[in-house]
Amino acid sequence: MTFRTYTKKGVFFHAVYIAILTVSGILAVYSAVFGALHISCKEDKIALGFTVFFALLIISVDFFECRAMGARIYTNAEGIGVRRFGKTKVFIKWSEIKEVGTGNIPTPFGSKQRIYFCDRVLDEKEKSDLIILKYHTVHFSYIPKECCEKISELLPVPMTEEMKEKYVR
Amino acid sequence: MWILMIAALAAMSALTILQTPREWFGNRLTRVLVIVFHTIGIASILLILFAVYRMKDGVLREIIIWTETFYFTVTAFALLLSAVRYFGFELARHFKHRKILKILSSQTAFFLAAILISAVYMIPSVYNATTLRTVTYDIQLEKSCADDSLSIAVISDFHVGAGARHSEMDQMVQLVQAAKPDVILIDGDICDSSSSVSDMEYMEKALEKLDCRYGIFYAEGNHEKECRFDPEPYLRRADVTILKDCGVMLENGVNIVGRRNALKVGVKQIMKDCGLDTEAPTIVLQHRTKGLSRLEGVADLAICGHTHGYAFPFMGLLMPYQRDISFGHRMYGETHAIVSAGVAEWGYRTKWPSQSDVTVINIIFREAEQ
């Protein structure tokens, strides 16, 4: 079974964000091409360098955001993970899960809360930065209602009511 | 216009305040410092917009202008860096690059970096804004006139007051005198809302010192309408010919056409109205760089200001949408277009990668040469 990694509201805002990035990226590339075709002095070259830098930055972020839209929560009788375009990227077996908890991933303007499944018990410091954990951890912004019951049955450790209230949508 | 400007400045300040590390508001000392920094910065901007024109030259006026310059630079860099940080963060997150993520997630490090980069940026950019250089272009025209050559000095965008101080006006006079031009062209934006009576008088005296064979000609810019004091009487007293959608033929047979800032009337129409010879070499003086490609075949040389060159490193992003050319020399068919970086900046005193300049154009008339 696969589910969206974003809620409906999340998909909408993400799509708007991608649209803004795409338009900005196209305009920045146009500026860079225009600038490259109209070099007449040293100042043009310096300004072009900054324009190219910005254009590449915007395009690469747009690419990663589009890629992130393709990610889906993937769960079956063996475990839970993330699939992108049909390929499993992260997967943890139910039997390996030692902790279900809530932590944070850093964002440019603070942090976002996540529910995670981990093959060991994390300390408080590790919970504040789930993104860079190198061992077997999967984290989600929400758990889909449709599969919550089944996940609860298969999990070797319980998901608290508080977690369910906050993360099951 | 005023509402838009104030809204833009308010947005810049608000976004910078949002970027301020939250923990800084928890500590009494840093909280007071942040409030004082923004209060003084915003006050300096408002003073420049609404009060500096009433002030006499002196330390207080200089402090206000330099404070505004620093505040403007820090807020602009904070905004630009926040965009870079945001994009960099997204990249680091996808690549799971621990070190970069750690650096970028620290708001304190980011904010201190914005201040440090602004301070470092200000070293060359203040020098570029306040130290004038002469930029020389040698061009050939396929037409002839009574002279074999013509030397033109172009000065534009003084923004006398918050832009060009009296020292920059003196440098401008020195550089123009050293170039010994045949004709001097002033390409608009000589004053703005910050210009005081004493600034206007100083500009008049500076222009009076300029001397050349065929005279001084002026075309208006977009900031003249904001000036508290009408610049035209000052220009007339300095013996400057004002060209508002009209043209004159110099004694050597070269046409000088000056366009209003709106660029509504075409050059052909102006030449027809003024009875100018369309076969003679024609120099068009217009403030903005808009519509230069349309001058192809109409003018031999178009001279512009307005852009201040690349006053900020990220101006290249706007290049295709606002301007045909930001700085330097470009050809539109047989028509030469030259854009000056201006004598000063508008409201603040930083400029990079461009440098404030006096543009000197040496024209050789090819038919005369043969």
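The numbers here are math on the coordinates, done by the rules we state, and not lab data. It should be emphasised that the depicted structure is a prediction, and the values quoted were computed from it without experimental measurement. Quick reminder, even Gly has a Cβ in these numbers, built from the backbone with ideal geometry, and neighbours come from all protein chains shown.
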With a Förster radius of 22 Å, plug the Cβ-Cβ distance of B:S149 and B:D239 into 1/(1 + (r/R0)^6) and report the FRET value to the nearest 0.05.
0.40
What is the fewest-to-most order of A:S141, B:S105 by other Cβ atoms lying within 10 Å of their Cβ?
A:S141, B:S105
Going through the range B:178-252, which GluC sites (Glu not before Pro) have at most 13 other Cβ atoms within 10 Å and a DSSP loop state?
B:E251
Inter-chain shielding metric for A:50-57, i.e. average beta-carbon neighbours from other chains within 10 angstrom, reads 5
Anchor B:K290: lysines whose Cα lies under 24 Å away (excluding residues fewer than 8 positions away in-chain)
A:K42, A:K45, B:K225, B:K244, B:K264, B:K268, B:K272, B:K351
Under 4.7 Å Cβ to Cβ, no partner at all: give me those cysteines from the protein assembly as shown, in residue order.
A:C41, A:C66, A:C118, A:C147, A:C148, B:C145, B:C212, B:C246, B:C274, B:C304
Residues of the range B:75-116 with backbone nitrogen within less than 17 Å of a virtual label 7 Å along the Cα-to-Cβ line of B:E23, please, listed as ranges.
B:101-114
Only helical DSSP H runs with n ≥ 4 go in: add -39500 (n - 2.57) per run for chain A, normalise by residue count and round the 222 nm mean residue ellipticity to 500 deg cm²/dmol.
-15500 deg cm²/dmol
Likely footprinting exposure, B:D148, B:D357, fewest C-beta neighbours within 10 Å first:
B:D148, B:D357
Which listed residue (A:Y142, A:V121, A:V157) has the Cα farthest towards the positive end of the charge dipole for the range A:72-167, taking +1 on Lys and Arg C-beta and -1 on Asp and Glu C-beta about the Cα centre?
A:Y142
Could you derive backbone 3J(HN,Hα) for the range B:274-289 from the dihedral phi with the Karplus parameters 6.51, -1.76 and 1.60 (θ = phi - 60°), listing whole Hz in sequence and x where the residue is Gly or Pro?
8, x, 8, 6, 6, 7, 6, x, 10, 10, 9, 10, 9, 6, 8, 8
Once you charge only the Cβ atoms, +1 for Lys and Arg and -1 for Asp and Glu, what is the size of the charge dipole of chain B about its Cα centre, to the nearest 20 debye?
2340 debye
In nanometres, what is the gap between the two model label sites at B:V120 and A:S95, each 7 Å from Cα along Cα-to-Cβ?
5.5 nm
Find which of B:V298, B:I325, B:I35 sits farthest along the positive direction of the dipole of chain B, computed with +1 on the beta-carbon of Lys and Arg, -1 on that of Asp and Glu, about the Cα centre.
B:I35
B:T69, A:T107 arranged by Cβ crowding within 10 Å, fewest neighbours leading
A:T107, B:T69
What residue among A:G25, A:G49, A:G70 shows peak mean-square fluctuation when chain A is described by a Gaussian network model with Cα springs under 10 Å?
A:G49
Can you tell me what share of the DSSP beta bridges in chain A is antiparallel? A percent to the nearest 5 is fine.
95 percent
Under 5 Å, built H, 5+ apart or other chain: amide partners of B:T241
B:I216, B:F217, B:Y218
Could you list the residues of the range A:42-77 with an amide nitrogen less than 17 Å from a label point located 7 Å from the Cα of A:H14 in the Cα-to-C-beta direction?
A:61-75
If packing is taken as the average number of other Cβ atoms within 10 Å across a peptide's residues, how do B:19-27, A:36-44, B:256-264 rank, most packed first?
B:256-264, A:36-44, B:19-27
How many percent of DSSP beta bridges within chain B run antiparallel, rounded to 5?
35 percent
Report, in debye and to the nearest 20, how large the dipole of the protein assembly as shown comes out about its Cα centre when Lys and Arg carry +1 and Asp and Glu carry -1 on their Cβ.
3260 debye
Looking at the protein assembly as shown only, what percent of DSSP beta bridges run antiparallel? Nearest 5 please.
55 percent
Taking the range A:51-113, which GluC sites (Glu not before Pro) meet the DSSP loop condition and have no more than 15 other C-beta atoms within 10 Å?
A:E78
Loop-only chymotrypsin sites (Phe, Trp or Tyr not before Pro) in the range A:53-88, please: DSSP not H, G, I, E or B, and at most 14 other Cβ atoms within 10 Å.
A:F85
